[in-house]
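The values are calculated or read from the model by the stated rules, or taken from the named source; none is laboratory data. Since the model is a prediction, treat every value here as computed from it, not as a measurement. All Cβ positions, glycine included, derive from the backbone under ideal geometry; neighbour counts span all protein chains shown. Note: areas computed on protein heavy atoms with side chains; ligands, DNA, RNA excluded. Shrake-Rupley method; radii C 1.70, N 1.55, O 1.52, S 1.80 Å.
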Amino acid sequence: MDAFNFLFYLAPGLIMVMALGMAYGVLRRWSRLRGAWNSGLTAEARCLRTYTTTSGGGDSMVSTTLHHVYEFTTQDGRVVRFEEEGGPGSTVEGDIVTVHHTAGEPVVATAHAPGRTQHAVGVFGTLAFLGVVVAFCVGFMVTFSEMSSTLHI
């Protein structure tokens, strides 16, 4: 196999690795959120800071993400500070919100209200899309392999 043919395996392979890594991240975050929601532990947290980040620009679409930094005290007296993306724009510095959190170490917390069904639909939709990306890459590599062996490339 020459270097040119190798690229036709390398590029889809890297795309598959990235898609699988993203799928792992989505499942890990979903598991952590479910753990916080299912723990039954809640606390009152203060919003310490809000800020936005932007990505994109130039010729591409610009997206803005809202971040909140919260702090609360667990039932055993530990002070926990965490940052979370995508909260409501109406929550500003100084507001008190209810957070759901896990016990033990490390504490996983979220200020997002339990939305199990809505969140699960989003997770499965993302996983389905990533699955299509992986399937396309595998199909591309198989097709290229068959064509290159037939044409002796």
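Here are the numbers for the structure shown:
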item: In segment 44-68, residue farthest from Arg34 (Cα to Cα) [restricted to those that are among the hydroxyl-bearing types (Ser, Thr, Tyr) and open to solvent by 60 Å² or more (accessible area, probe 1.4 Å)]; result: Ser60
item: Among (1) within 20 Å of Gly115 (Cβ to Cβ); (2) out of contact with any Gly (no Cβ under 7 Å at 6 or more places or on another chain); (3) among the aliphatic types (A, V, I, L, M) - the single one Val92 does not satisfy; result: (1)
item: In segment 90-108, the residues that are loosely packed, with under 11 Cβ neighbours inside 10 Å and within 20 Å of the chain's Cα centre (by Cα); result: Pro106
item: Sole residue being surrounded by 14 or more Cβ atoms within 10 Å (Cβ to Cβ), assigned to a strand (DSSP E or B) and of a type in the set (Asp, Glu), chosen from Glu83, Glu71; result: Glu71
item: When residues of segment 109-153 are limited to those that are in a helix (DSSP H, G or I) and among the hydroxyl-bearing types (Ser, Thr, Tyr), the one surrounded by the most Cβ atoms within 10 Å (Cβ to Cβ); result: Thr126
item: Sole residue being hydrophobic (A, V, I, L, M, F, W, C) and either closer than 30 Å to Phe144 by Cα or in a helix (DSSP H, G or I) (or both), chosen from Leu20, Leu48, Leu66; result: Leu20
